[in-house]
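Have a look at the structure below, then the notes.
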Amino acid sequence: MNSFNSALFNETLRRHWRGMLYWGVALGVLTWMQVVVIPDVDALKDVANLIESMPAIVTAMLGTSDAAFFGTPEGYLASQYYGIMMIVFGIYAVISGLNVTANDEERGIMDVQMSLPITRTSLVLSKSVAYGLMLIGVIAFSFVGLVVGVAMTPALVVDMGRLTLGTLNMIPGSLVMLAFTVLAGTLFRRRGTAAGAAALFIFGSYFLDTLGRSAPGSFVDSLRAISFYSYYDGTNVIQNGLSIPNIALLSVLAVGLIGVGMAAYQRRDIGV
Amino acid sequence: MNTALIQTEGLTKAYGRGVKALDALTLTVNQGEIFGYLGPNGAGKTTTIKLLLDLIRPTAGRASVFGLDVNRDSVAIRRRVGFLPGELNLWDNQTSMQIIRYFSKVRGGVDLEYVHQLAERLQFDLNKRIRAYSTGNKRKIGLILALMHKPELLILDEPTSGLDPLMQQIFNQMMIEARTAGQTVFLSSHVLGEVQTICDRVAILRGGQLQTVERVDHLTHVDFHWVTLRFRDTATVPRLTNVPGVSEVTVDGRTLKLRLQGDFDPVLRALGDRYVEDIHVQDPTLEEIFLTYYGNGANNHAKVEMKS
């Protein structure tokens with residue numbers, strides 16, 4: 001970690017902790033609302049019956065192929081929280097990832113910043129670590145909203161341990177989205193290009209995973225292996241607990257993407 | 001004996017399709033001098049600066065600052081350099097003081113008392129957000145950021161662009177003081193007057209190629225002026241073609257325009273008792289100085305062009 005620069009890290013946190021707070025509180029409230037609107041468990045069963053009648057692609061997009069599980073409180077949360085919120089965290093991850101290099105290059109600030117005695121690798125690493133921590137902070141706020149919501153909704157009798165594991169499981173996947181955006185920013189000078197690449201990566205992975213799940217044994221199903229979403233698999237974590245290999249793989253992928261980004265940024269001309 | 005602070009050897013930067021922004025630059029800047037780097041827009045001045053700071057990588061050649069390789073030892077170099085970019089952009093939602101503190105921490109601390117002295121001298125308010133500053137004030141914060149750690153080398157790209165004349169004078173004084181303190185200044189500009197005032201030596205760059213490196217007094221020796229005279233009567237407009245130093249004479253009604261190299265006295269004597277309503281003297285552009293210095297056959301012979 002000799003590339004780590006604490007001044008850069010602290011400055012990134014100083015400038016963006018408020019933004020993290022706003023995102024965290026907003027998502028916490030959104031999560032809380034997702035939970036407290038559940039009237040009772042019977043209503044969930046009605047929804048489960050409705051889902052059972054839907055095409056496989058739709059149920060896959062809802063984050064489950066198991067309608068009976070969806071009728072349970074955990075199943076509902078797996079779909080509504082661990083499925084949808086992952087996309088929302090992805091938006092925050094992309095916004096943060098663009099801040100590492102792409103935004104400053106686009107605004108023409110990078111020349112002044114890189115006239116300081118810092119290496120390009122330390123810039124990418126220190127800012128990525130700071131944004132990674134803030135991303136975890138946003139997830140933590142959201143989890144608080146979930147816990148409060150569950151506590152205020154007697155109809156929801158859920159295993160909090162599983163929900164905690166499900167939330168922890170979101171961290172590596174979110175970091176992958178952040179890391180990919182950082183990489184895109186280091187590869188491309190244009191913020192729009194980097195954002196487009198990141199969006200393609202996230203939504204491409206999401207749809208590849210969803211389509212594959214809806215057509216087991218198909219060619220698309222075999223392609224799920226290249227979608228990071230298939231290793232995230234929030235529903236499975238709620239049902240069966242953490243998959244350590246998946247978490248390890250996503251964590252290594254996130255670190256690897258940052259590493260490639262550091263190397264890529266070291267090689268190219270800085271856009272100023 | 002001069003000690004080389006910046007040295008480039010065959011430094012070249014080409015972009016797509018082989019367009020050379022900088023072509024085999026070989027240059028030496030000595031310690032303790034104010035070195036002007038002159039050229040029209042697009043000449044390659046900013047490209048050179050970016051290469052020295054390792055913001056971009058050369059296609060060929062090499063460069064060193066303080067005897068250190070600009071690529072391999074870029075951090076060590078930047079620790080000892082203060083830089084002002086030609087077009088300064090900073091984080092709009094931050095105040096100057098916040099940015100100064102940030103830069104100070106990355107640099108391992110600076111004397112904040114000195115920062116306040118600089119701000120006072122430049123009449124600059126450190127507490128406003130960047131978005132609230134005018135162009136001239138943004139230049140001032142750029143200068144403070146470049147100067148605040150008292151670097152051994154200042155690399156300034158068009159430093160006075162946007163500064164009012166009073167501030168330009170203060171800037172000139174600060175650069176002279178920097179030289180006195182042993183600092184070296186590498187200053188790019190396309191304004192000849194700025195360079196003439198403070199620089200010891202200048203390099204002229206054109207189309208990415210170094211044309212010459214001269215002492216300023218040598219360069220300005222070839223200085224000339226465009227003189228425009230307006231007479232009361234068309235009939236009294238003289239031709240002045242035989243007056244020493246006069247060339248490129250143009251007559252347009254009551255107005256006579258000429259290129260004068262040397263003293264004004266021969267022209268004034270040649271006017272005799274003609275009634276002159278107005279005289280306008282214009283400094284040559286850098287390009288014109290450059291063409292004069294390197295010879296242009298057309299300029300060597302006085303001729304008169306009649307427009308009416």
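The values are calculated or read from the model by the stated rules, or taken from the named source; none is laboratory data. Please read these numbers as outputs of a predicted model, since none were measured by experiment. Cβ: placed from backbone, ideal geometry, glycine included. Neighbour counts: every protein chain shown. Calculation scope for accessible area: heavy atoms of the full protein, side chains included, ligands and nucleic acids excluded. Shrake-Rupley method; radii C 1.70, N 1.55, O 1.52, S 1.80 Å.
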| Within region A:141-154, can one find any residue that is within 14 Å of chain B (Cβ to nearest Cβ), surrounded by fewer than 20 Cβ atoms within 10 Å (Cβ to Cβ) and β-branched (Val, Ile, Thr)? | no
| Which condition does B:Gln211 not pass, out of (1) open to solvent by 20 Å² or more (accessible area, probe 1.4 Å); (2) outside the structural domain of B:Gln173 (by TED's automatic domain parsing), if it passes all the others? | (2)
| field | Those residues of region B:13-50 which are in contact with a Leu (Cβ under 7 Å, 6 or more places away or on another chain), assigned to a strand (DSSP E or B) and within 14 Å of chain A (Cβ to nearest Cβ), in sequence order | value | B:Lys13, B:Leu22
| request: Please find, among B:Phe124, B:Phe83, the residue that is of a type in the set (Phe, Trp, Tyr), touching a residue at least 60 places away in the same chain (Cβ under 8 Å) and not in a helix (DSSP H, G or I). | output: B:Phe83
| From A:Val112, A:Val138, which residue is within 14 Å of chain B (Cβ to nearest Cβ) and over 17 Å from A:Ala264 (Cβ atoms)? | A:Val112
| query | Mind checking which pairs have a first residue in region A:63-77 that is among the charged types (D, E, K, R) and a second that is open to solvent by less than 30 Å² (accessible area, probe 1.4 Å) and modelled with pLDDT of 70 or more, Cβ under 6 Å, 6 or more apart or different chains? | reply | A:Glu74/A:Val158; A:Glu74/A:Ile238
| said: Suppose we filter region B:252-275 for residues that are open to solvent by less than 40 Å² (accessible area, probe 1.4 Å) and among the charged types (D, E, K, R); how many remain? | reply: 1
| Test result for B:Leu240, modelled with pLDDT of 85 or more, on the phi > 0 side of the Ramachandran plot and open to solvent by less than 80 Å² (accessible area, probe 1.4 Å) | yes
| note | Wholly inside region B:138-217, strands (runs of 3 or more DSSP E) that include 1 or more residues that are under 25 Å from B:Tyr114 (Cα atoms) and either more than 14 Å from every other protein chain (Cβ to nearest Cβ) or in contact with a helix residue (DSSP H, G or I) (Cβ under 6 Å, 6 or more places away or on another chain) (or both) are B:153-157, B:184-189
| Residue within region B:227-236 that is at pLDDT below 85 and of a type in the set (Phe, Trp, Tyr) present | no
| message | Just to check your reading of the model, which residue among B:Leu154, B:Leu145 is modelled with pLDDT of 95 or more, under 13 Å from B:Ala178 (Cβ atoms) and not hydroxyl-bearing (Ser, Thr, Tyr)? | response | B:Leu154
| query | Any idea which residue in region B:7-32 is nearest to the chain's Cα centre (by Cα), counting only those that are over 21 Å from A:Met110 (Cβ atoms) and surrounded by 23 or more Cβ atoms within 10 Å (Cβ to Cβ)? | reply | B:Val29
| message | Restricting to region B:51-76, give me the number of residues that are at the interface with chain A (Cβ under 9 Å from one of its Cβ atoms) and either surrounded by fewer than 22 Cβ atoms within 10 Å (Cβ to Cβ) or not in a helix (DSSP H, G or I) (or both). | response | 7
| remark: Filter region A:233-272 for residues that are within 14 Å of chain B (Cβ to nearest Cβ) and open to solvent by less than 50 Å² (accessible area, probe 1.4 Å); the one that is modelled with the lowest pLDDT is A:Gly271
| task | Mind listing whichever residues of region B:100-120 are open to solvent by less than 70 Å² (accessible area, probe 1.4 Å), out of contact with any helix residue (DSSP H, G or I) (no Cβ under 8 Å at 6 or more places or on another chain) and away from chain A (no Cβ under 12 Å)? | result | B:Tyr114
| note | Exception for B:Arg79 within (1) at the interface with another protein chain (Cβ under 8 Å from one of its Cβ atoms); (2) out of contact with any Lys or Arg (no Cβ under 8 Å at 6 or more places or on another chain); (3) not polar (S, T, N, Q) falls at (2)
| Inter-residue pairs, beta-carbon under 7 Å, first closer than 13 Å to A:Leu125 by Cβ and in region A:239-259, second in a helix (DSSP H, G or I) and open to solvent by 30 Å² or more (accessible area, probe 1.4 Å), 6+ apart | A:Ala254/A:Leu175; A:Leu257/A:Phe180
| B:Phe35 vs. criteria within 16 Å of A:Met110 (Cβ to Cβ) and under 19 Å from the mean Cα position of the chain (by Cα) | no
| The lone exception for A:Ile87 - which of (1) of a type in the set (A, V, I, L, M, F, W, C); (2) more than 21 Å from A:Tyr206 (Cβ to Cβ); (3) open to solvent by 10 Å² or more (accessible area, probe 1.4 Å) it fails | (2)
